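Novice: One structure coming up, written as structure tokens, with questions to follow.
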Amino acid sequence: MSFYPPQRTLMGPGPSDVYPRVSEALSRPTIGHLDPEFIRLMDETKQMLQYAFQTENQLTLPISAPGSAGMEACFVNLIEAGDSVIIMQNGVFGTRMRENVMRIGAEPIMVEDPWGQAVDLNKAHDAITQHPAAKAIAFVHAETSTGVKSDAAALCAMAADAGMLSIVDTVTGLGGIEVAVDAWRADAVYSGTQKCLSCVPGLSPVTFSPRAQQVISKRSSPVQSWFLDMNLIMGYWGEGSQRSYHHTAPVNALYGLHEALSILQEEGLQHSWARHQHNHRALKAGLQAMGLNLLVEPDARLPQLNAVSIPDNLDEALVRRQLLQDFNLEIGAGLGQLAGKIWRIGLMGCSSNPANVRLCIAALEACLLNQDVSIDAGAALAAVNRFYSA
Ligand SMILES: *Cc1c(COP(=O)(O)O)cnc(C)c1O
């Protein structure tokens, strides 16, 4: 009666392939979530998250739930009914930020940019000027729905200079591109484990600045979510040995995260970012040799999420089905207004490697040839090989 999943190569918008070392760590013996040895693992995990986020924020920990819960934790802790929040939207995840703000009883001030483009800094500046009473400005650093990177340093600086909090979604950013929480002066930043950390899904690293921590402790109303109330979570994840039961930590999942963060630290942040960039450029060389273009302008491209414009007259769903059936390869479809218009090819974490790039390019070529697209058979893979040997 056991369930055995197929062995796929995951090159979609997440989850990414999991490091074998992480899979092995998950199967280690479960111990109590208040065991002194487990507390040691929690402390080390916090330190390694501080390294990954490049922050000295004390309030840095993994929420015991996926990235969406990290998002919700940031909003419900910092925002109260009656507050207003500027949301810079340029893809799917801005919509969810809006939902969070509305459910709190706060007012979202939506500032929209076209999907496929970075958040417009001038529009952000104007919104801050027009809404000086807004409590926070929220945006997505790495928009997984479009493959776009926005200028988090500039946006957080604008917020800080205006006395507003910044809330940053870097679920897809962490480990793949630079995330510099302290240098940015960011206030609340959340991520996920199943993207560039190549850990299993289900945890959400978050970090709050001392300023954000003060806002949380001075709230006029209790946080509407009991589970995500950081004041309560700190009773378990806080400093010292006086940890009290809040919820049963996902013990084995945290072994996995600890292992994934160890791998990141062994590789080094800079090396990890450079690797993501290098494999992205190899993929791009192969795509271009097949006549396929990236949706996003070079300056705003995420190396870990490649949005590929789909040529006309192609059955794009058939391509994805064939990739899965014949090559055990998963890539992502477009979402929302980009559905049917782009594929999303992820090169995240340990999925970002030359073998995956070669597999994806060769398999994609086979699928295009299958639909009689006129391309030179073998040219795309040759372009990738040329890139890697250059
Ligand atoms: C994946 C993702 C999320 C949501 O994370 P889940 O783990 O699926 O809940 C949020 N924001 C962005 C930008 C993402 O890519």
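Novice: Does the range 27-40 contain any residue that is closer than 30 Å to residue 331 by Cα and crowded, with 23+ Cβ neighbours inside 10 Å?
Specialist: For the range 27-40, residues closer than 30 Å to residue 331 by Cα and crowded, with 23+ Cβ neighbours inside 10 Å: absent.
Novice: Please determine whether any residue of the range 245-256 is of a type outside the set (Asp, Glu) and open to solvent by 50 Å² or more (accessible area, probe 1.4 Å).
Specialist: yes
Novice: Give me the pairs: first residue in the range 215-244 and closer than 27 Å to residue 35 by Cα and free of Cβ contacts under 8 Å to residues at least 12 places away in the same chain, second residue among the polar types (S, T, N, Q) and in a loop (DSSP other than H, G, I, E, B), beta-carbon distance under 7 Å, and six or more apart or on different chains, which are they?
Specialist: Correct list of pairs: 235/244.
Novice: Could you count how many residues in the range 293-334 are over 19 Å from the mean Cα position of the chain (by Cα) and free of Cβ contacts under 8 Å to residues at least 60 places away in the same chain?
Specialist: Of the residues in that region, 18 qualify.
Novice: Which is within 16 Å of the ligand (Cβ to nearest atom), more than 15 Å from the chain's Cα centre (by Cα) and either modelled with pLDDT of 95 or more or surrounded by fewer than 18 Cβ atoms within 10 Å (Cβ to Cβ) (or both), of 105, 116?
Specialist: After applying the criteria, what remains is 116.
Novice: Looking at the structure I just gave you, is residue 163 under 14 Å from the mean Cα position of the chain (by Cα), surrounded by fewer than 24 Cβ atoms within 10 Å (Cβ to Cβ) and either more than 22 Å from residue 301 (Cβ to Cβ) or free of Cβ contacts under 8 Å to residues at least 24 places away in the same chain (or both)?
Specialist: Against the criterion (under 14 Å from the mean Cα position of the chain (by Cα), surrounded by fewer than 24 Cβ atoms within 10 Å (Cβ to Cβ) and either more than 22 Å from residue 301 (Cβ to Cβ) or free of Cβ contacts under 8 Å to residues at least 24 places away in the same chain (or both)), residue 163 does not qualify.
Novice: Report the residue count in the range 131-189 for those that are within 13 Å of the ligand (Cβ to nearest atom) and either assigned by TED's automatic domain parsing to the domain that holds residue 298 or of a type in the set (Val, Ile, Thr) (or both).
Specialist: 12
Novice: Hand me the list of helices (runs of 4 or more DSSP H) wholly inside the range 12-97 holding 2 or more residues that are farther than 27 Å from residue 144 by Cβ and either within 11 Å of the ligand (Cβ to nearest atom) or charged (D, E, K, R) (or both).
Specialist: Filter on the range 12-97 gives 36-53.
Novice: Checking residue 378 against (1) open to solvent by 10 Å² or more (accessible area, probe 1.4 Å); (2) in contact (Cβ under 8 Å) with a residue 24 or more places away in the chain; (3) not aliphatic (A, V, I, L, M), which single condition isn't satisfied?
Specialist: Evaluating residue 378 over (1) open to solvent by 10 Å² or more (accessible area, probe 1.4 Å); (2) in contact (Cβ under 8 Å) with a residue 24 or more places away in the chain; (3) not aliphatic (A, V, I, L, M) leaves (2) as the failure.
Novice: If only one of 292, 283, 254, 261 is in the same structural domain as residue 378 (by TED's automatic domain parsing) and not in a loop (DSSP other than H, G, I, E, B), which one is it?
Specialist: After ruling out the rest, the residue left standing is 283.
Novice: Scan the range 135-160 residue by residue and report those that are of a type in the set (A, V, I, L, M, F, W, C) and crowded, with 24+ Cβ neighbours inside 10 Å.
Specialist: 136, 137, 138, 139, 140, 142, 148, 152, 155, 156, 159
Novice: So, one more: List every residue pair whose Cβ atoms sit under 8 Å apart, with the two residues 6 or more apart in sequence or on different chains, where the first one lies in the range 7-20 and is touching a residue at least 40 places away in the same chain (Cβ under 8 Å) and the second, anywhere, is of a type in the set (Asp, Glu) and more than 16 Å from the ligand (Cβ to nearest atom).
Specialist: 19/259
Novice: Output yes when any residue across the range 302-315 is outside any loop (DSSP other than H, G, I, E, B), surrounded by 16 or more Cβ atoms within 10 Å (Cβ to Cβ), out of contact with any strand residue (DSSP E or B) (no Cβ under 6 Å at 6 or more places or on another chain) and not polar (S, T, N, Q), and no when none is.
Specialist: no
Novice: How many residues does the range 72-98 contain that are over 19 Å from residue 128 (Cα atoms) and open to solvent by less than 10 Å² (accessible area, probe 1.4 Å)?
Specialist: Of the residues in that region, 5 qualify.
Novice: Moving to a separate point now. Kindly list the number of the only condition in (1) without any contact (Cβ under 8 Å) to a residue 60 or more places away in the chain; (2) within 12 Å of the ligand (Cβ to nearest atom) that fails for residue 196.
Specialist: Among (1) without any contact (Cβ under 8 Å) to a residue 60 or more places away in the chain; (2) within 12 Å of the ligand (Cβ to nearest atom), residue 196 violates only (1).
Novice: Only residues that are outside any helix (DSSP H, G or I), of a type in the set (Gly, Ala, Ser) and out of contact with any helix residue (DSSP H, G or I) (no Cβ under 6 Å at 6 or more places or on another chain): list them for the range 199-240, please.
Specialist: Listed by number, the residues that qualify are 209, 220, 221, 238, 240.
Novice: Which residue is nearest to the ligand (Cβ to nearest atom), if the candidates are limited to the range 119-130 and must be of a type in the set (Val, Ile, Thr) and surrounded by fewer than 24 Cβ atoms within 10 Å (Cβ to Cβ)?
Specialist: Per the stated criteria, the residue is 128.
The values are calculated or read from the model by the stated rules, or taken from the named source; none is laboratory data. The shown structure was predicted, so the numbers you read here are calculated from the model rather than taken from an experiment. Cβ coordinates were reconstructed from backbone atoms using ideal geometry, including for glycine residues, and neighbour counts include every protein chain displayed. The area values use the complete protein model at the heavy-atom level, side chains included, leaving out ligands, DNA and RNA. Shrake-Rupley method; radii C 1.70, N 1.55, O 1.52, S 1.80 Å.
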